[in-house]
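Input: a single structure, listed below in structure tokens.
The values are calculated or read from the model by the stated rules, or taken from the named source; none is laboratory data. Everything quoted here is computed from the prediction, not taken from an experiment. Cβ coordinates were reconstructed from backbone atoms using ideal geometry, including for glycine residues, and neighbour counts include every protein chain displayed.
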Amino acid sequence: MHIGCPREIKPQEFRVGLTPAAAAEAVAHGHEVSVETGAGLGAGFADAEYAAAGAAILPEAAAVFAAADLVVKVKEPQASERTMLREGQVLFTYLHLAPDLEQTRDLLASGVTAIAYETITAPGGGLPLLAPMSEVAGKLAPQMGSWTLQKANGGRGVLMGGVPGVLPAEVTVIGGGVVGTHAARVAAGMGAQVTVLDRSLPRLRQLDEAFGGLFRTRFASAAHIAEQIASADMVIGAVLVPGAAAPKLVRRDQLASMKPGAVLVDVAIDQGGCFETSRATTHADPVYEVDGVLHYCVANMPGAVPRTSTIALGNATLPYLMTLADKGWRGALAEDRHLAAGLNVQGGTLTNAAVGAALGIEAVTPESLLQGSPG
């Protein structure tokens with residue numbers, strides 16, 4: 001199979017879908033690999049490293065898309081990239097279709113087979129290709145929120161850890177999953193007073209047992225969320241519904257109860273955001289203000305640390321990439337129902353129920369398309 005990796009063109013996105021090590025692995029499996037020139041530079045990988053791994057270096061994205069049977073990326077294809085997709089081609093990347101009707105329509109029209117990192121599941125539960133970027137985003141969230149809290153950046157001017165005689169910042173984390181856990185650990189490590197809210201009592205017990213009081217936990221009722229945001233200097237939104245649009249947990253009218261200059265960090269922005277006032281921003285212009293509250297809503301947060309993010313993502317995606325390349329998408333998905341859960345679009349048909357419900361488009365199950373596929 002011919003695997004192609006174009007350079008990412010989303011603003012301020014420095015990650016790359018394929019590391020030189022992954023390219024070498026694919027070549028060792030007998031596959032061809034093409035990489036757009038400069039694709040890895042943002043993450044610190046030179047063209048020469050890909051060439052040494054056996055990849056062909058192509059001068060432009062159009063050449064990569066034209067050559068590839070399987071396109072591997074990081075972020076969802078942008079409008080100009082979607083015009084280069086074709087029927088029979090496989091796209092393997094983050095898609096986040098639920099809040100993105102335009103992208104969904106374009107992918108359906110292209111006839112491409114689109115497999116989304118974020119909806120692939122694991123035998124023991126969880127989302128194995130979302131987890132590494134959730135870990136990165138969770139650890140970044142308090143750092144970015146702390147920067148935003150500085151007065152020069154429009155914030156309250158509160159130091160996360162305080163100093164002797166001065167209370168630390170109060171940080172509320174909504175969601176106790178991978179993002180929320182890492183955000184809480186880092187915020188607490190910075191000295192903040194941290195409270196994690198979640199609707200799962202078993203998860204809250206796990207957090208209490210694992211972290212021994214490093215941060216507080218609280219059940220995420222609407223009343224408790226309202227109380228917490230009113231006292232918080234920083235609120236980190238870390239709620240995910242796999243494949244679906246994020247629930248809106250903080251309404252605009254509730255911003256009036258918050259401290260002037262408080263910060264909302266919406267890590268769920270890729271799925272539409274979990275605050276009513278959230279809208280996607282970029283690393284170049286990351287923060288905006290609504291009713292005196294600052295919003296940090298960068299849609300590709302891990303792109304701020306592209307080398308770490310690229311290597312972490314590559315470690316997680318490589319086994320799936322090799323399975324798809326070695327067996328073809330039908331064979332790979334027919335053998336592995338967890339990989340099949342990643343199928344979002346195939347040949348003009350939507351194959352993810354949560355996306356269909358969010359966008360009002362009829363969807364079928366991946367299994368219905370795979371019946372009779374080779375094992």
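Worth pointing out:
- Subset of the range 6-41 (residues that are hydrophobic (A, V, I, L, M, F, W, C) and under 13 Å from residue 60 (Cβ atoms)): 9, 35, 39
- Within the range 88-101, the set of residues being at negative phi, of a type outside the set (Phe, Trp, Tyr) and assigned to a loop (DSSP other than H, G, I, E, B) comprises 89, 95, 97, 98, 99, 100.
- Residue 208 vs. criteria surrounded by fewer than 20 Cβ atoms within 10 Å (Cβ to Cβ), over 28 Å from residue 128 (Cβ atoms) and not aromatic (Phe, Trp, Tyr): no
- When the range 22-37 is filtered for residues that are in contact with a helix residue (DSSP H, G or I) (Cβ under 7 Å, 6 or more places away or on another chain) and either farther than 13 Å from residue 1 by Cβ or surrounded by 15 or more Cβ atoms within 10 Å (Cβ to Cβ) (or both), the ones remaining, listed by number, are 22, 23, 25, 26, 31, 33, 34, 35, 36, 37.
- Test for residue 317: is it out of contact with any Leu (no Cβ under 7 Å at 6 or more places or on another chain) and among the hydroxyl-bearing types (Ser, Thr, Tyr): no
- Where a residue in the range 241-262 is more than 23 Å from residue 199 (Cα to Cα) and its partner, wherever it lies, is of a type in the set (Lys, Arg) and in a loop (DSSP other than H, G, I, E, B), with Cβ under 6 Å and at least six apart: 261/156
- Subset of the range 1-41 [free of Cβ contacts under 8 Å to residues at least 40 places away in the same chain, over 10 Å from residue 55 (Cβ atoms), over 22 Å from the mean Cα position of the chain (by Cα) and not in a loop (DSSP other than H, G, I, E, B)]: 28, 36
- Taken together, 326, 285, 270, 291 contain a single residue that is assigned by TED's automatic domain parsing to the domain that holds residue 102, out of contact with any strand residue (DSSP E or B) (no Cβ under 8 Å at 6 or more places or on another chain) and of a type in the set (D, E, K, R), which is 326.
- Applying the criterion of being crowded, with 21+ Cβ neighbours inside 10 Å and in a helix (DSSP H, G or I) to the residues of the range 62-87, the residue that is nearest to the chain's Cα centre (by Cα) is 81.
- Residue check, residue 57 in a strand (DSSP E or B), surrounded by fewer than 22 Cβ atoms within 10 Å (Cβ to Cβ) and in contact with an Asp or Glu (Cβ under 8 Å, 6 or more places away or on another chain): yes
- Options 243, 189, 237: the member that is surrounded by fewer than 17 Cβ atoms within 10 Å (Cβ to Cβ) and of a type outside the set (Val, Ile, Thr): 189
- Among the conditions (1) within 22 Å of residue 255 (Cα to Cα); (2) within 25 Å of the chain's Cα centre (by Cα); (3) in a strand (DSSP E or B), the only one that residue 218 does not satisfy is (2).
- Tally, over the range 354-372, of residues that are in contact (Cβ under 8 Å) with a residue 40 or more places away in the chain and within 25 Å of the chain's Cα centre (by Cα): 6
- Per-region count, the range 38-53, residues crowded, with 17+ Cβ neighbours inside 10 Å and aliphatic (A, V, I, L, M): 3
- Qualifying position, being in contact (Cβ under 8 Å) with a residue 12 or more places away in the chain, in the same structural domain as residue 257 (by TED's automatic domain parsing) and more than 30 Å from residue 256 (Cβ to Cβ), among 300, 315: 300
Listed here are the residues, each with its yes/no results for (1) closer than 26 Å to residue 61 by Cα; (2) modelled with pLDDT under 95.
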| site | (1), (2) |
| --- | --- |
| 81 | yes, no |
| 84 | yes, no |
| 92 | yes, no |
| 124 | no, yes |
| 143 | no, no |
| 159 | no, no |
| 170 | no, no |
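- Residue match in the range 233-245 (condition: modelled with pLDDT of 95 or more and farther than 13 Å from residue 175 by Cβ): yes
- Spans of helices (runs of 4 or more DSSP H) in the range 102-214 with at least 3 residues in the same structural domain as residue 292 (by TED's automatic domain parsing) and farther than 24 Å from residue 303 by Cα: 201-211
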